[in-house]
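Visitor: What follows is a structure written as structure tokens; I'll ask about it next.
The values are calculated or read from the model by the stated rules, or taken from the named source; none is laboratory data. This structure is a prediction, so every number in the text was calculated from the model and none was measured. Note that each Cβ is placed from the backbone with ideal geometry, even for glycine, and that neighbours are counted across all protein chains shown.
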Amino acid sequence: MQFFEDVERDPMKPSPDLVLIDINLPRRRGGEVVKYIRSTSRCAKAHIIAVSTSDSPRDREEMKELGADGYFRKPTDFGEFMKLGDLIKAVFISNPR
């Protein structure tokens, strides 16, 4: 979260257009980070895609409610993982900012 706090404080730092966030981070829940990003003035418009091994409907709904633009369940197969690119493309096309 330090990165987003630094961007918020320093107008010379570039703000991200896309954030891929694992919902099970070691020190913070991904939802907490998504909520913070959406509350900032400089990063709030970034596209956010939550990534997780979980396919829980509750996790998906929570991320959506917090403002994530998409949700991607991490597969074990590399070919399936490459579909993340399709989701990123769809998010940018359906939600231009």
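Visitor: For segment 45-63, which residues satisfy the criterion of being surrounded by 14 or more Cβ atoms within 10 Å (Cβ to Cβ) and either out of contact with any Gly (no Cβ under 9 Å at 6 or more places or on another chain) or not acidic (Asp, Glu) (or both)? Break it down into steps so the answer makes sense when it comes.
Guide: Let us first name the residues in segment 45-63 that are surrounded by 14 or more Cβ atoms within 10 Å (Cβ to Cβ), namely 45-52, 54, 59-60, 62-63.
Correct list: 45, 46, 47, 48, 49, 50, 51, 52, 54, 60, 63.
Visitor: I'm trying to understand the selection: among the residues of segment 1-17, which are assigned to a helix (DSSP H, G or I) and in contact with a helix residue (DSSP H, G or I) (Cβ under 7 Å, 6 or more places away or on another chain)?
Guide: Within segment 1-17, 4 is the sole residue that qualifies.
Visitor: Moving to a separate point now. Of everything in segment 18-44 that's part of a loop (DSSP other than H, G, I, E, B) and not aliphatic (A, V, I, L, M), which residue is surrounded by the fewest Cβ atoms within 10 Å (Cβ to Cβ)? Even if it seems obvious, please write down each step before you answer.
Guide: Initially, segment 18-44 is screened for residues part of a loop (DSSP other than H, G, I, E, B), giving 23, 25-28, 40-44.
Now drop any that are not not aliphatic (A, V, I, L, M), which leaves 26-28, 40-43.
Details: 26: 5, 27: 7, 28: 12, 40: 15, 41: 10, 42: 17, 43: 20.
Across segment 18-44, the extreme among qualifying residues is 26.
Visitor: Quick check on segment 45-58. Is at least one of its residues closer than 20 Å to residue 80 by Cβ and assigned to a helix (DSSP H, G or I)?
Guide: yes
Visitor: Now for a separate question. Of everything in segment 18-55, what is among the hydroxyl-bearing types (Ser, Thr, Tyr), touching a helix residue (DSSP H, G or I) at 6+ places or on another chain (Cβ under 9 Å) and over 20 Å from residue 90 (Cα atoms)? Give them in sequence order.
Guide: Restricting attention to segment 18-55, the residues satisfying the condition of being among the hydroxyl-bearing types (Ser, Thr, Tyr) are 36, 39-41, 52-54.
Remaining after also requiring touching a helix residue (DSSP H, G or I) at 6+ places or on another chain (Cβ under 9 Å): 36, 40-41, 52, 54.
Residues satisfying the conditions are 36, 40, 41, 54.
Visitor: Let me ask something else about it. So in segment 60-83, with the set limited to residues that are at pLDDT below 95 and assigned to a helix (DSSP H, G or I), which one is nearest to residue 40 (Cα to Cα)?
Guide: Top of the filtered list is 81.
Visitor: Give segment 57-90 a look and list any residue that's free of Cβ contacts under 8 Å to residues at least 12 places away in the same chain and under 21 Å from residue 38 (Cβ atoms), or say none.
Guide: Restricting attention to segment 57-90, the residues satisfying the condition of being free of Cβ contacts under 8 Å to residues at least 12 places away in the same chain are 57-58, 60-61, 64-65, 75-83, 85-86, 89.
Listed by number, the residues that qualify are 58, 60, 61, 64, 65.
Visitor: Here is a follow-up. Within segment 84-96, which residues are surrounded by fewer than 10 Cβ atoms within 10 Å (Cβ to Cβ) and not in a helix (DSSP H, G or I)?
Guide: Once the filter is applied, which keeps residues that are surrounded by fewer than 10 Cβ atoms within 10 Å (Cβ to Cβ) and not in a helix (DSSP H, G or I), segment 84-96 yields only 96.
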